[in-house]
Amino acid sequence: MSSHPLAPTLRITRVKSAGAIRLARAANQLFDEPADRAALTAYLSDRRNIFLLASVNTTPVGFLRATALGQLHTRRPQMFLYEVAVARRFRRLGVGRALVERLLGYCRQQRFEEVFVFTNPANRAAVSLYRGTGAVTETPRDRMFVYRLAKRPRPGRRGASPH
Ligand SMILES: CC(C)(COP(=O)(O)OP(=O)(O)OC[C@H]1O[C@@H](n2cnc3c(N)ncnc32)[C@H](O)[C@@H]1OP(=O)(O)O)[C@@H](O)C(=O)NCCC(=O)NCCS
C-alpha cells in the first residue's frame, strides 16, 4: 500500500450503527442500490457484520462488507467476505488491497480460522486482488478463495476444538 500515491490520504474506518445516517448520505453512490436507512442501521448494529469504509480526504471511495460465521468443528469463527468495491476513478491505487488487509488484520487479531470470498474466476481484478493478498483456491477454476489464518487440524482431530 505504501507504494501507492493515495497511501498518505487513505483512511479505512469501521462503520458501526451510530454512523448509519452519515454513511447512507455520503456513500450511497458506492452501492449497487441505494441503502435503506433502517436496513443499514440494523445491518451495522449486528456485531457479526463488518463494514469498512475507505475514504480519501473524507470522500468515500470504496467499501468492504463481511459477516462472521460460527462453525461446528472449532469455536474459531470464519469470516465471509461478501463484497468489496472501489469507485472507478480510484481503482488501481491500493484501496481494495487496504480494505482486504484491514479485514485480515482484524480476523487475525480475533483468532478467526479463515476468511473466504466467492468471485467469478473471470473477474481479473478481484482474482488478482484476492490472490495478491494471500487467498488460495483448491483448483484454478474454483469460485471460492480462502485465506487460511490458522493451521488446519490434523486428520482425525477435526472435531477437536483448539480451545
Ligand atoms: C476488485 C476491486 C475491488 C479492486 O480494487 P482496487 O482498489 O482497484 O484494487 P487495488 O488497487 O488495491 O489492487 C490490488 C491488486 O489487485 C490487482 N488488480 C486490481 N485491479 C486489477 C485489474 N483491473 N486487472 C488486474 N489486476 C488488478 C493487482 O494485482 C493490484 O496490485 P497492483 O496495483 O500493485 O498491481 C475493484 O476493481 C472493483 O471495485 N471492482 C468492481 C467490484 C468487484 O468486482 N468486486 C469484487 C467482487 S465482489
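So here's what we get for this one:
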| read-out | value |
| --- | --- |
| Criterion: more than 12 Å from the ligand (Cβ to nearest atom) and closer than 21 Å to residue 125 by Cβ - qualifying residue of 45, 17, 55 | 55 |
| Extreme residue, modelled with the highest pLDDT, among residues of the stretch 113-160 that are over 16 Å from residue 83 (Cα atoms), among the small types (Gly, Ala, Ser) and surrounded by 12 or more Cβ atoms within 10 Å (Cβ to Cβ) | 134 |
| Residue within the stretch 51-62 that is over 29 Å from residue 136 (Cβ atoms) and either in contact (Cβ under 8 Å) with a residue 60 or more places away in the chain or among the hydrophobic types (A, V, I, L, M, F, W, C) (or both) present | yes |
| Residues of the stretch 111-132 classified as away from the ligand (no atom under 11 Å from the Cβ) and either touching a residue at least 40 places away in the same chain (Cβ under 8 Å) or farther than 14 Å from residue 76 by Cβ (or both), total | 4 |
| Residues within the stretch 121-144 that are among the hydroxyl-bearing types (Ser, Thr, Tyr) and in a loop (DSSP other than H, G, I, E, B), tallied | 3 |
| Residue in the stretch 21-34 that is outside any strand (DSSP E or B) and touching a Lys or Arg at 6+ places or on another chain (Cβ under 7 Å) present | yes |
| Given (1) on the phi > 0 side of the Ramachandran plot; (2) surrounded by 20 or more Cβ atoms within 10 Å (Cβ to Cβ), index of the condition residue 100 fails | (1) |
| Members of the stretch 1-18 that are under 18 Å from residue 99 (Cα atoms) and outside any loop (DSSP other than H, G, I, E, B) | 10, 11, 12, 13, 14 |
| Subset of the stretch 64-103 [touching a residue at least 60 places away in the same chain (Cβ under 8 Å), more than 10 Å from the ligand (Cβ to nearest atom) and assigned to a loop (DSSP other than H, G, I, E, B)] | 73, 74, 75, 76 |
| Some residue of the stretch 65-74 being touching a Cys at 6+ places or on another chain (Cβ under 9 Å) and within 23 Å of residue 33 (Cβ to Cβ) | yes |
| Test: residue in the stretch 42-54 that is at pLDDT 95 or above, of a type in the set (Gly, Ala, Ser), surrounded by 14 or more Cβ atoms within 10 Å (Cβ to Cβ) and touching a strand residue (DSSP E or B) at 6+ places or on another chain (Cβ under 6 Å) | yes |
| Residue among 111, 91, 14, 47 that is touching a Lys or Arg at 6+ places or on another chain (Cβ under 7 Å) and among the charged types (D, E, K, R) | 111 |
| Given (1) surrounded by 12 or more Cβ atoms within 10 Å (Cβ to Cβ); (2) without any contact (Cβ under 8 Å) to a residue 40 or more places away in the chain; (3) closer than 23 Å to residue 115 by Cβ, index of the condition residue 35 fails | (3) |
| Selection from the stretch 29-42 of residues that are within 16 Å of the ligand (Cβ to nearest atom) and not aromatic (Phe, Trp, Tyr) | 29, 30, 32, 33 |
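The values are calculated or read from the model by the stated rules, or taken from the named source; none is laboratory data. These figures come from a predicted structure and were not determined experimentally. Cβ coordinates were reconstructed from backbone atoms using ideal geometry, including for glycine residues, and neighbour counts include every protein chain displayed.
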